[in-house]
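J.: I have a structure I would like to understand better, so I am pasting it below and will then ask my questions one at a time.
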Amino acid sequence: MTEDNSTLSPNIPKRPRTIDVVRKNINKRNAAERRFQLYGKVAIALAISFVFILFFDIINKGKGAFVQSYIALDIYLDEQQIDPDGTRDPAVIADANYFGIIRSNLREMFPEVSSRQERRNLYSLVSSGASYQLADLVREHPEYIGNTFRLWVPADDDIDMLIKGYIDRNIPEDDRRIKDNQIAWIDKLNEEGRVKTQFNTTFFTAGDSRDAELAGILGALSGSFFTLIVTLLLSFPIGVAAAIYLEEFAPQNRLTDIIEVNINNLAAVPSIVFGLLGLAVFINFFALPRSAPLVGGLVLTLMTLPTIIISSRAALKSVPPAIREAAIGLGASKMQMVFNHVLPLALPGMLTGTIIGMAQALGETAPLLMIGMVAFIVDVPSSFTDPSTVLPVQIFLWADSPERAFVEKTSGAIMVLLAFLITMNAVAVFIRKKLERRW
Amino acid sequence: MNKLITSMAATALLTAATVGQAASRDYVSIVGSSTVYPFATVVAERFGKSTSFKTPKIESTGSGGGLKLFCAGVGVEHPDITNASRRIKQTELDQCVENGVKEIIEVKVGYDGIAFANSKKSAQLEVELKDIFLALAKEVPDPKGGEKLVANPYTTWNEVNPNLPNTKIEVLGPPPTSGTRDAFVELGMEGGCNQIDWIKALAKDKHRTVCHSIREDGAYVEAGENDNLIVQKLEANPNAYGIFGYSFLDQNSDKVHGAKVGGVEPEFDAIANGEYPVSRSLYFYIKKAHVGTIPGIQEYAKEFVSENASGEEGYLSDRGLIPAPSEEHQSYQKAVNGLEPMPSKI
């Protein structure tokens, strides 16, 4: 057909047929597409493998934090030593020398130990928390006085590392923190069935401690809880109200444009800046207490507000104008239209934005540094003004501790934090899927 | 809508209620050095468990940051005690007095050695302070001779001193905000610097710039305040050296070893008796005006200086604190018991 054309009208320049052009470089274009797909796949594979490596590393290091080694002591509570007059007065019982009881118990188990240095090594088999544990037990159960019973006390963090197999027994004695005689004692105790590892409840029920075997995340968890409550109570209503006003009521003029641009800018401001602001305003000017979840919550409110306002406005925008027009058309006032018709439809989107903002706030450390929440706090906070830290700060503090056993505690705390973040994001996805309406 | 208003009202109430509470404080608030932090926290925890007082709150702000907060004034919103890995400076003391913090009790708790360590996979280094200075200073005397300073030309250790190994100079250390860095510069760098006579004879200002400037061409890597990170990096890179406190060397003795400085190993006894050249004192400072107002300050300080804690066989020595000689220790015990303030001029 082409040939016909060319013979019939030789003056018309020969134009290549489209199909020829298509066929000519089809291989090249297909190859380009395949290459592009390959780049995409490689990118995804890399991203997944990084996440996988991260999770594998954290779980591998952190799984040990959830178990703890315990050593059994057969304690005889001599009435003469604890409560000589038999009064069972809690003050008298609390004053007894439990430290000494634990130590003499260890000496009795290994009577061959004589030198001062050896004794120190022996005492450091069990945690320094053992005597407090014994004291608490006797206070609660005075009937144990005068009896012998078996008490499982946590092993010292170095011994715990040995039992869990993190310490290489083959390297020279001088190069390890665990001495040969300590290994021999632990092996002997193990043969006697006096060593066990079990789920570490302390990790979830105690505050921070400088002894890794006594350290827990409850203090940081309740700090995070109080901080996020303040953040949620403040940022959700303020954010939603601001979004509703800007989206539904505010006139479109220069001023609202400026406000809008600034809200978008604020969302990208580094969080440490909010910390500095919090220090200047809440602590120095309003004289609120340092290290308190109240101030932390206020600072994080400043940080999450832009996120919530932006997502709430997007949710309001996605409600079709027909709904508004129908409501107005039926005689609803503007406020009735917004609160009875638009808001309920936009709420799932707003909640999703809020949860994501909260998850962001949960993982934040930098702004809290400035307001004194990066601190060593043992007592579990019980109010909005008690000094406290939050989970990511606890991770930061443990990562900086010299004792080896805190490595696994750090990863363990990261696992808990990740679990919370994943749960919160899953709830956000669930709300979006379940409640969001498509128009 | 109603819910919204109630939750806002609840928050307002809550804020109002807590502002009232801020007027008093029933726990000791401590700030300061990240080097003293691991020791102070142990004391605080034991103190909280064994007494009826609340456990003190300890923030790790660095020595300088701590003193700044400490000297900001008297009142519950200001800290009661600050830890320092160096002595308070006259300027800081003046600042304190200016802000009404007139009586300060100085307590030395012990010593800390600064280790210059590398991985156990490579050989232990034996250096002199002068080698450290030549390897790390920004400007060094011209290797060709003469009293002239040139930008540090050394890239390997054996260029500095033929007895040292032929490896690249790569040192991981803390950033300038750290007290460890201050002490390393003052004791290590300056000590080495003063072994070169003509530099020692320089005018004070010039001497300071020469001795205190660390090279910025990549041989000295600022590895952040996290000493654990430095230990991990040394393990990964056997040719690198790291600068950190003795307690980290002690805890990681299976992974890293400290260089002999001036022929002395960084060991407990050598640091305690001052033979090891790079060791410094650790202090804490008590605000006398707060004693009696905030419960537990003096009791906490007593616990810290007790024989059981910072004494020779105390539990802090297990954590890597080098105790002060017993005479010195007793003098600080006396200062705490009698609440004897330090002089306002040092």
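J.: Can you give the extra length, in nm with one decimal, that the chain gains between residue A:423 and residue A:276 once fully stretched, where that is 0.36 nm per residue apart less the Cα-Cα distance?
T.: This chain segment gains 49.9 nm when fully extended.
J.: Please work out the C-alpha center-to-center distance from the range A:38-53 to the range B:243-268 and express it in whole Å.
T.: 42 Å
J.: For the cross-link pairs B:138/B:260; B:148/B:233; A:61/A:196, which exceed 32 Å when the distance is taken from alpha carbon to alpha carbon?
T.: Violating the 32 Å limit, Cα to Cα: B:148/B:233.
J.: At R0 = 35 Å, how high is the FRET efficiency between residue B:239 and residue B:269 if r is their beta carbon distance? Nearest 0.05 is fine.
T.: Result of the calculation: an efficiency of 0.75.
J.: Taking the beta-carbon count within 10 Å as an exposure proxy, list B:182, B:217 from fewest neighbours to most.
T.: So the ranking, lowest neighbour count to highest, is B:217, B:182.
J.: Quick one: 3J(HN,Hα) in Hz for the range A:81-91, Karplus 6.51/-1.76/1.60 with θ = phi - 60°, rounded, Gly and Pro as x.
T.: Going residue by residue, I get 7, 9, 9, x, 8, x, 7, 6, 6, x, 5 Hz, with x marking Gly and Pro.
J.: Starting from the amide H of residue B:137, placed 1.01 Å from N in the peptide plane, find each other amide H under 5 Å away whose residue is 5 or more places distant or on another chain.
T.: Distant-sequence amide H within range of residue B:137: B:215.
J.: Once amide H atoms are placed 1.01 Å from N in the peptide plane, what residues at a sequence separation of 5 or more from residue B:276, or on another chain, have their amide H within under 5 Å of its amide H?
T.: So residue B:276 has HN proximity to B:271.
J.: Here's another thing I want to ask about it. If you build a Gaussian network model of chain A, linking Cα atoms that sit under 10 Å apart, which residue out of A:273, A:42, A:380 swings the most?
T.: Between A:273, A:42, A:380, it is A:42 that shows the largest mean-square fluctuation.
J.: Between the range B:156-226 and the range A:120-199, how many Å separate their Cα centres?
T.: If we compute the Cα centre of each part, the gap is 44 Å.
J.: How do A:141, B:329, B:207 rank when sorted from fewest to most other Cβ atoms within 10 Å of their own Cβ?
T.: A:141, B:207, B:329
J.: For chain B, set up a GNM with springs between Cα atoms under 10 Å and report which of B:69, B:229, B:249 has the largest fluctuation.
T.: Its mean-square fluctuation being the largest, the pick is B:229.
J.: Give me, ordered by chain and number, the residues 5 or more places off residue A:197 or on other chains with an amide H under 5 Å from its own placed amide H.
T.: Residues meeting the criterion, in which the H sits 1.01 Å from N, are A:70.
J.: Another question about this same structure. List residues of the range A:109-142, by number, whose backbone nitrogen lies under 19 Å from a label position 7 Å along Cα→C-beta of residue A:76.
T.: Of the residues in the range A:109-142, A:109-113, A:138 have backbone N under 19 Å from the label point off residue A:76.
J.: If you don't mind, there's one more thing I want to ask. Under 10 Å, Cα contacts only: if you run a Gaussian network model on chain B, which one of B:137, B:289, B:309 comes out with the highest mean-square fluctuation?
T.: B:289
J.: For residue B:148 and residue B:208 in one chain, what is 0.36 nm times their gap in residues minus the Cα-Cα distance, to one decimal in nm?
T.: Full-extension gain reported as 20.0 nm.
J.: Each label point is 7 Å from the Cα along the Cα-to-Cβ direction; what then is the distance between the points at residue A:241 and residue B:52, in nm?
T.: It works out to 4.6 nm between the two label points.
J.: Here's another thing I want to ask about it. In percent, what relative contact order does the range B:113-279 have, based on Cα pairs under 8 Å that are 6 or more apart in sequence?
T.: Reported as a whole number, the value is 40 percent.
J.: Still on this structure: Using the Karplus curve 6.51 cos²θ - 1.76 cosθ + 1.60 with θ = phi - 60°, work out ³J(HN,Hα) for each residue of the range B:127-134 in order, rounded to whole Hz, and write x for Gly and Pro.
T.: Per-residue couplings from phi come out as 10, 9, 4, 4, 4, 4, 4, 5 Hz.
J.: May I pose another question? Work out from phi, with θ = phi - 60° and the Karplus expression 6.51 cos²θ - 1.76 cosθ + 1.60, the ³J(HN,Hα) of each residue of the range A:196-213, listed in order in whole Hz, and give x for Gly and Pro.
T.: 9, 10, 9, 4, 8, 5, 3, 4, 9, 10, 10, x, 5, 8, 8, 9, 4, 6
J.: Separate question: Modelling each spin label as a point 7 Å along the Cα-to-Cβ direction, I'd like the residue A:188/residue A:91 distance in nm, to one decimal.
T.: Output for this residue pair reads 4.2 nm.
J.: If you average the sequence gap of Cα pairs under 8 Å that are 6 or more apart and divide by the length of chain B, what percent do you get for the contact order?
T.: The value is 26 percent.
J.: OK, next. Describe numerically, in nm with one decimal, the distance between label points set 7 Å from Cα along Cα→Cβ at residue B:337 and at residue A:18.
T.: Between residue B:337 and residue A:18, the simple spin-label model gives 10.3 nm.
J.: Given a Förster distance of 41 Å, report the FRET efficiency between residue B:90 and residue A:114 from their Cβ-Cβ distance, rounded to the nearest 0.05.
T.: Using R0 = 41 Å, I get an efficiency of 0.20.
J.: Calculated FRET efficiency, residue B:195 and residue B:158, Cβ-Cβ r, R0 22 Å, to nearest 0.05?
T.: My answer for the efficiency is 0.70.
J.: While we're looking at this one, here's another question. List the pairs from A:179/A:409; B:102/B:288; B:121/B:255; B:54/B:302; A:63/B:57; B:200/B:345 whose alpha-carbon separation is above 18 Å, in the order I gave them.
T.: Pairs exceeding 18 Å: A:179/A:409; A:63/B:57; B:200/B:345.
J.: Right, something else. Measuring from centroid to centroid over Cα atoms, what is the spacing of the range B:85-129 and the range A:249-264 in Å?
T.: First find each Cα centre; the distance between them is then 53 Å.
We did not get these values from a lab; they are worked out from the coordinates using the rules stated. Here the structure is a predicted model, which is why all the values come from computation and not from measurement. Cβ: placed from backbone, ideal geometry, glycine included. Neighbour counts: every protein chain shown.
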